[in-house]
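A short worksheet on the structure shown next.
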Amino acid sequence: MRGRKNDSESVPMSSPLPISLQITGLNCAGCAGRAERALAAVDGVAEARVNLATATAQVEGAEHLMPELVAALNTAGYPAATEEVVLQITGMNCASCVGRIERALSAEPGVTSVSVNLADETARLTHVAGFTSAAELVRIVEGAGYQAGVAQADTSATDTREDRQAAESARLLRQVIWAAALTLPVFVVEMGGHVFPPLHHWLMRTFGMQPLYLFQFLLTTAVLLGPGRMFYTRGFRSLFRGAPDMNALVAMGTSAAYGFSVLSTFGPGVLPFGTANVYYEAAAVIVVLILAGRWMEARAKGRTGAAIRKLVGLQSREAMVLRNGEAIALAIDEIRVGDLVRVRPGERIAVDATVERGSSFVDESMITGEPVPTSKDTGSSVTGGTVNGNGSLEIRVSRIGKDTALAQIITLIEQAQGAKLPVQTLVDRITMWFVPAVIGIAALTVLVWAMFGPAPALPLALVAGVSVLIIACPCAMGLATPTSIMVGTGRGAELGVLFRKGDALQGLQDVRVLAFDKTGTLTQGKPELTALEVAAGFDRAAVLRLAAAAETGSEHPIARAIVDAAGADLPQAEQVKAIPGYGISALVDGVQVLIGADRLMARDGIDITPLAGRADALAGLGATPFYVALDGKLAAVIGVSDPIKPGAAPAIKALQHMGIAVAMLTGDNTRTAKAIAAQLGIDEVHAELLPADKVTTLEQLRTSYGPLAFVGDGINDAPALAAADVGLAIGTGTDVAIEAADVVLISGDLQGVVNAVDLSRQTLRNIRQNLFWAFGYNVMLVPVAAGVLYPFGGPMLSPMLGAGAMALSSVFVLSNALRLRRFRPVGRASEQATQPALAAAE
């Protein structure tokens, strides 16, 4: 599996171990040579051999060089083949657990990235293909003291997680009830007498002190060994491994209180006079309160994934498939690509498909965010999860399972929710040492109180030490970031905003300038031919016919406008060549046709003077002028107008109100671009840009303003989307643009841009609030628990109060994160035009 020598072989320490790597992007012997030289240049590599036929490399070098080898291949342009694995992990309780698992997995040779999420209890890994296995990664997690399994490829991770969290919540509730029932008598016997002295006197007269101690001993032992057993099995195991977690703090604190109480009960003579007190109620109540906190935490965690649950609920379980002329109800897993499915009125469409027969209106608000149903007839595409209207349809299945649009949306959200933001790096560094530091503070507290505390010093030292162990809460630190990400990205999905990459959620909050592409982004992308003026000696109909024939194969909106204006029965075009940023050339009926901007004519030496004035006039009206040349002679100027999207101006105004400058980048001519920018109130206009020029312009904007985002929809926008700090793609655009983007706006409505930026700011503000609470809580209350205020007349904190505070701290973080579910976007008074993508599920 690993392409390395078996561990059992006797290999001299100085012998390099052979490493086998699968390489992508190799097309020729030159590629293989460059990849081989890149690997050989890594320090420590004795020899590297690349096989073009098998696309593999054999490297003589130590396994610890894996990161350098992968980096060298990436730099050379031939990345090592990688695989992604998602593990479901149980037994994590705090940020220390997250750090421990990440360190264990990162140490495995071949693993290139690890992200463990406490909130959704998953680990997402990327490893070099063939160098490790999912089973090996599971074994590593289990070796660290946790239970793990591989997420099933055909099952939503959310489904499994929700089932697991529901079962965990129910189990914890049973344990809370059991523990509370056993603890209540102990609490009443020990603490009731302090509140109501006659009760204490009656108990002493009726039972006596020692029987009451034995009674508390039995019930407390049942609490600790029953509902509280997990704290000790997990806590002491982590402590003995030298990697203590929150369970270890609870186990040590309650064990200290319980152990001292047992000694006071059965061997009081070994303790200094007057110090033989019992603290059974403290140990038992601590367990009850922490279990109650875990239960509330589990319930709150379940609500953080509500958005994905709604999406999963849109997936149909069965559909009516036509087989041999008969409609048969089949489970969704049995449907295959090419099957013919009947969709009845009002029924949810089960799969992505193309309409073969029938017509209807389909509610696509789940995908587009638009509340108005879309007309569908023969040849139209329909998407699984959308709802059919009053008509009946027969559809031919085109995509099933994980390939459907809905499944891909769910996957995108799950990946974003499992991401680790840059802000989490600091948290990880602190939590790595948090629990050991708390144990050290507790030990120091006991020592100081025992040496310098007032009489009775030993019980006071015990109370202070236990309070420090119990009140410290690494859970809140671990939950602060991932819970906000889960809720924030889920709310984004409801608003039609998909964060493909989690760090875009943090990047958007810092954006100071937002650049838009024009065609299809600021405009509707449905241009119409509004003017065609021919040069002397040319026939209008003939020029339009030739130009449309040349554009027939193009998917560009402007090309479609020309073709639509010409009608049917167009001649066949040959030698069609798209010239990015310039236009198109083709041979039609023996005539060389050239269509494009003025720079294309200038490049080919064609004089545009006769029609330049008319082109300027069209541009001044907001139309886009294009020139047509036939056999090297200027033949016509074409004016194409693309209506501005209704929501563009309000969205731009909202962005500017948020302190973000707005720029427009377009390949259109300057006069047209400025006319449109004036209508929209755009701050900066950069026109007549080639695709490569857009990247350069983005660098200039970044220098002038700072962090920037780019919004686009076309293939030519992909370089700019990748070059921006955050790229936002219109979901109705091309697959290439969407793949290059960090954020996808399901609808073409630009209110989605405003929603994305505002949601980013609100989510990061929520994260900062959570982190402030999580760190502030520990910084303030750990010293109070240690008794630093006691010499100045302050309180001596009870371990029971510490347990309550600790339990509630995690619940506070989760509850604060859940506030993001009530996020309302700025800008538009109503959300109707960007209705929640999941509204159909409600």
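The values are calculated or read from the model by the stated rules, or taken from the named source; none is laboratory data. Remember, it's a predicted structure, so these values are computed and weren't measured experimentally. Cβ: placed from backbone, ideal geometry, glycine included. Neighbour counts: every protein chain shown. Quick note on the areas: whole protein, heavy atoms, side chains included, nothing else; ligands and nucleic acids left out. Shrake-Rupley method; radii C 1.70, N 1.55, O 1.52, S 1.80 Å.
Where the only charges are on Cβ atoms (+1 Lys, Arg; -1 Asp, Glu), what is the dipole of the stretch 404-518 about its Cα centre, to the nearest 20 debye? Before the final figure, lay out the partial values.
Values: 7 positive and 6 negative charges, 30 e Å.
It comes to approximately 140 debye.
The string of couplings for the stretch 607-619 from the Karplus curve (6.51, -1.76, 1.60, θ = phi - 60°) is 6, 9, 3, x, 10, 4, x, 5, 5, 5, 5, 5, 5 Hz, one whole number per residue in order, with x for Gly and Pro.
Take each of the peptides 717-729, 477-489, 220-232, average the number of other beta-carbon atoms within 10 Å over its residues, and list them starting from the highest. Provide the component values of the computation, followed by the final result.
On the way: 717-729: 24.8, 477-489: 29.7, 220-232: 20.1.
In descending order of packing, they fall as 477-489, 717-729, 220-232.
Rolling a 1.4 Å probe across the protein heavy atoms gives the chain an accessible surface of 42 Å² per residue.
With the charge dipole of the chain set up from +1 on Lys and Arg Cβ and -1 on Asp and Glu Cβ about the Cα centre, the Cα lying farthest toward the positive end among the listed residues Q22, M664, V186 is that of V186.
Taking all Cα pairs closer than 8 Å and separated by 6 or more residues, the relative contact order of the stretch 309-356 comes to 36 percent.
When only the Cβ of Lys, Arg, Asp and Glu is charged (+1, +1, -1, -1), the dipole of the stretch 561-658 relative to its Cα centre reaches about 460 debye. The relative contact order of the chain comes to 12 percent, based on Cα pairs under 8 Å that sit 6 or more residues apart. Based on the convex hull around the alpha carbon atoms, the stretch 632-781 presents an average projected area of 12.0 nm². Distance between the C-alpha centers of the stretch 400-464 and the stretch 635-680? Whole Å please. Here the answer is 49 Å between Cα centres.
Could you give the distance between the Cα centres of the stretch 208-259 and the stretch 550-601, to the whole Å? Measuring centre to centre over Cα atoms gives 80 Å.
For R103, the accessible area of its heavy atoms, probed at 1.4 Å with every protein chain present, is near 110 square angstrom. To the nearest 10, the accessible area of C31 is 10 Å² with a 1.4 Å probe.
In the stretch 182-232, Cα pairs under 8 Å separated by at least six residues give a relative contact order of 48 percent. Calculated from the structure at hand, semi-axes √(5λ) of the Cα gyration tensor in Å is found among [x] 64, 31, 27; [y] 48, 30, 26; [z] 67, 38, 23 as [x]. For L621, no residue has an amide H sitting under 5 Å from its own, ignoring neighbours fewer than 5 places away on the same chain, with H placed 1.01 Å from N.
For the chain, the fraction of 1.4 Å probe accessible surface lying on carbon and sulfur atoms is 58 percent. Taking amide H positions as modeled 1.01 Å from N, with prolines and chain starts lacking one, the residues under 5 Å from M664 and 5 or more places away or on another chain are F516, E684, V685, H686. Only protein heavy atoms count here; on that basis, with a 1.4 Å probe, F187 has an accessible area of about 80 Å².
The aspartates and glutamates whose alpha-carbon is closer than 20 Å to the alpha-carbon of K694, local same-chain residues fewer than 8 away aside, are D517, D598, D668, D683, E684, D713, D717, D725, D735, E739, D742. Straight Cα distances below 14 angstrom link K577 to the aspartates and glutamates E551, E555, with same-chain residues fewer than 8 positions distant left out.
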